[in-house]
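Scroll down for the structure; my scribbles are underneath it.
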Amino acid sequence: MQKYQGSMVALITPFKNGKVDYAALERMVEFHIQNGTTCLVVTGTTGECPTLTFDEHVEVIKFCVEAAKGRVLVMAGAGSNNPVEAINLSNAAKDAGADSLLHNAGYYNRPNQDGLYAHFKLVHDNTDLPIFVYNVPGRTVVNITSETLAKIAQLDRIVGVKDATGNLERPWIERNLIKKPFIWLSGEDSTAVSFNVAGGVGVVSVTGNVAPALVARVQNLTLEKKWDEAANEQLKLMKLHKLMFKEPSPAPAKYAASLLGLCDEESRLPILPVTQALRDEIKAEMQKLELI
């Protein structure tokens, strides 16, 4: 499980004329393999999973697995606020060849901490792949406390967390609470270096969609404990990190990817194309970083 480290990409799902663009998806897989990405995290929030049909969701996972050909890991987003659906997605992801699963807390129904534990336990007990807990209260409304995460981590195949809380004390607290090998991944580009200081070993990156080599360099420097160099490289990326979320994601990342010729910028409603003002900012920053 220690292979889950470094720069992992929260992969966008390319669309063309309303359909998944598999030719573009193949280009993106190769792009990431050639530029230091260690894991493709597919069908997550950045992959627009809420607007994928069940069949599309599974087909995207299968396609990425087949295109990767074992060269990088594939982590499949399979979360739902309905645990039955989460189980069905998880088992379909296993059949599609995914290496692991990413499961978020129950959004919209707003469970308490005992309900969150029960959700993850039910999913765990009815699936087979390693599971990463995705804590993103900004989207799910509910926060998985460190104490609840430690309880969830007692389940055999709960192997790590993607933490998008922005709370940098959490890894310190959780390292005292979790008494088994466990993987901490940052779910926020802008705090990823600081998160690794606290015990993280990687990032699930949105910026990695368009600057994978640069994000990988930062992560590799942290893994080598070259903190000053990592900080300097992170500083160069900070504006791009922020631009990726200046308007609703993944529209900024898709526009940036379109500038690289990877895919069209098309998203599905309710996500709209980025404004002209943001286009200008993204293009200027990518030119500054010599990405285009």
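The values are calculated or read from the model by the stated rules, or taken from the named source; none is laboratory data. Just so you know, these numbers come straight off a predicted model, no measurement behind them. Reconstructed Cβ throughout: ideal geometry from the backbone, glycine too, with neighbour counts over all protein chains shown.
Going through LEU102, LEU122 one at a time, which residue ends up being at pLDDT 95 or above and either in contact with a helix residue (DSSP H, G or I) (Cβ under 7 Å, 6 or more places away or on another chain) or over 27 Å from THR53 (Cα atoms) (or both)?
Numbers: LEU102 fails: either in contact with a helix residue (DSSP H, G or I) (Cβ under 7 Å, 6 or more places away or on another chain) or over 27 Å from THR53 (Cα atoms) (or both).
Just a single option satisfies the conditions, and that option is LEU122.
Show me the helices (runs of 4 or more DSSP H) entirely contained within the stretch 174-282 in which 3 or more residues are among the polar types (S, T, N, Q) and on the phi < 0 side of the Ramachandran plot.
Numbers: elements: 192-197, 212-223, 227-243, 251-259.
In the stretch 174-282, the matching helices (runs of 4 or more DSSP H) lie at 212-223.
Of all residues in the stretch 60-95, which are more than 20 Å from ASN135 (Cα to Cα), surrounded by 24 or more Cβ atoms within 10 Å (Cβ to Cβ) and of a type in the set (Gly, Ala, Ser)?
ALA93
For the subset of the stretch 32-51 comprising residues that are of a type in the set (A, V, I, L, M) and touching a strand residue (DSSP E or B) at 6+ places or on another chain (Cβ under 8 Å), which member is surrounded by the most Cβ atoms within 10 Å (Cβ to Cβ)? Lay out the reasoning, then the answer.
Step one: of the stretch 32-51, the residues of a type in the set (A, V, I, L, M) are 33, 40-42.
Cutting the leftovers down to touching a strand residue (DSSP E or B) at 6+ places or on another chain (Cβ under 8 Å) gives us 40-42.
Details: LEU40: 27, VAL41: 29, VAL42: 31.
Of everything passing the filter in the stretch 32-51, VAL42 is surrounded by the most Cβ atoms within 10 Å (Cβ to Cβ).
Go through the residues of the stretch 244-253 one by one and say whether even a single one is over 23 Å from PRO130 (Cα atoms), in contact (Cβ under 8 Å) with a residue 40 or more places away in the chain, under 20 Å from the mean Cα position of the chain (by Cα) and surrounded by fewer than 16 Cβ atoms within 10 Å (Cβ to Cβ).
Filtering the stretch 244-253 for residues over 23 Å from PRO130 (Cα atoms) gives 244-253.
Narrowing further to those that are in contact (Cβ under 8 Å) with a residue 40 or more places away in the chain: 244, 249-250, 253.
If we keep only those that are under 20 Å from the mean Cα position of the chain (by Cα) as well, we get 244, 249-250, 253.
Keeping just the survivors that are surrounded by fewer than 16 Cβ atoms within 10 Å (Cβ to Cβ) gives none.
No: the stretch 244-253 contains no residue that is over 23 Å from PRO130 (Cα atoms), in contact (Cβ under 8 Å) with a residue 40 or more places away in the chain, under 20 Å from the mean Cα position of the chain (by Cα) and surrounded by fewer than 16 Cβ atoms within 10 Å (Cβ to Cβ).
Which one of these is crowded, with 22+ Cβ neighbours inside 10 Å and more than 17 Å from the chain's Cα centre (by Cα): LEU269, LEU177, LEU259, LEU237? Don't jump to the end; show me each part of the working.
Details: LEU269 fails: crowded, with 22+ Cβ neighbours inside 10 Å; LEU177 fails: crowded, with 22+ Cβ neighbours inside 10 Å; LEU259 fails: crowded, with 22+ Cβ neighbours inside 10 Å.
Testing whether each residue is crowded, with 22+ Cβ neighbours inside 10 Å and more than 17 Å from the chain's Cα centre (by Cα) leaves just LEU237.
Can you tell me how many residues in the stretch 143-155 are touching a strand residue (DSSP E or B) at 6+ places or on another chain (Cβ under 9 Å), over 14 Å from GLY166 (Cα atoms) and either small (Gly, Ala, Ser) or assigned to a loop (DSSP other than H, G, I, E, B) (or both)?
Result for the stretch 143-155: 2.
Hey, can you tell me all the residues within the stretch 132-147 that are within 18 Å of PRO171 (Cα to Cα) and either among the hydrophobic types (A, V, I, L, M, F, W, C) or buried (at least 20 other Cβ atoms within 10 Å of the Cβ) (or both)?
PHE132, VAL133, TYR134, ASN135, VAL136, ILE144, SER146
Where the second residue is of a type in the set (Asp, Glu) and the first is under 20 Å from LYS16 (Cα atoms) and lies in the stretch 265-292, which pairs have Cβ atoms under 6 Å and are six or more apart or on separate chains?
ARG268/GLU48; VAL274/GLU247
Just checking, how many residues over the stretch 162-173 are assigned to a helix (DSSP H, G or I) and buried (at least 21 other Cβ atoms within 10 Å of the Cβ)? Before you say what the answer is, go through the steps one by one.
Going through the stretch 162-173, the residues assigned to a helix (DSSP H, G or I) turn out to be 170-173.
Checking which are buried (at least 21 other Cβ atoms within 10 Å of the Cβ) leaves us with 170-171.
Residues that pass the stated criteria total 2.
Any chance you could count how many residues in the stretch 155-173 are out of contact with any helix residue (DSSP H, G or I) (no Cβ under 8 Å at 6 or more places or on another chain) and either within 22 Å of GLU48 (Cβ to Cβ) or touching a residue at least 12 places away in the same chain (Cβ under 8 Å) (or both)? Show your work before the answer.
Start the filter on the stretch 155-173 by keeping residues that are out of contact with any helix residue (DSSP H, G or I) (no Cβ under 8 Å at 6 or more places or on another chain), which leaves 159-160, 162, 167, 169, 172.
Keeping just the survivors that are either within 22 Å of GLU48 (Cβ to Cβ) or touching a residue at least 12 places away in the same chain (Cβ under 8 Å) (or both) gives 159-160, 162, 169, 172.
Total satisfying the criteria: 5.
I want to confirm something. Restricting to the stretch 1-35 and keeping residues that are small (Gly, Ala, Ser) and in contact with a Gly (Cβ under 9 Å, 6 or more places away or on another chain), which single residue is farthest from LEU269 (Cα to Cα)? Give the derivation first.
Initial filter on the stretch 1-35 (small (Gly, Ala, Ser)): 6-7, 10, 18, 23-24.
Applying the additional criterion that residues be in contact with a Gly (Cβ under 9 Å, 6 or more places away or on another chain) yields 6-7, 10.
Numbers: GLY6: 32, SER7: 29, ALA10: 19 Å.
The extreme case among them is GLY6.
Okay, residues lined up against (1) among the aliphatic types (A, V, I, L, M); (2) in contact with a Cys (Cβ under 6 Å, 6 or more places away or on another chain); (3) farther than 18 Å from PHE31 by Cα:
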residue	(1), (2), (3)
VAL201	yes, no, yes
ALA211	yes, no, no
LEU223	yes, no, yes
GLU229	no, no, yes
ASN232	no, no, yes
HIS241	no, no, yes
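Hey, any hits in the stretch 123-139 for a residue that's in contact with a Pro (Cβ under 9 Å, 6 or more places away or on another chain) and in contact (Cβ under 8 Å) with a residue 24 or more places away in the chain?
As a first pass, look at the stretch 123-139 and keep what is in contact with a Pro (Cβ under 9 Å, 6 or more places away or on another chain): 123, 126.
Those still in the list that are in contact (Cβ under 8 Å) with a residue 24 or more places away in the chain too: 123, 126.
For the stretch 123-139, residues in contact with a Pro (Cβ under 9 Å, 6 or more places away or on another chain) and in contact (Cβ under 8 Å) with a residue 24 or more places away in the chain: present.
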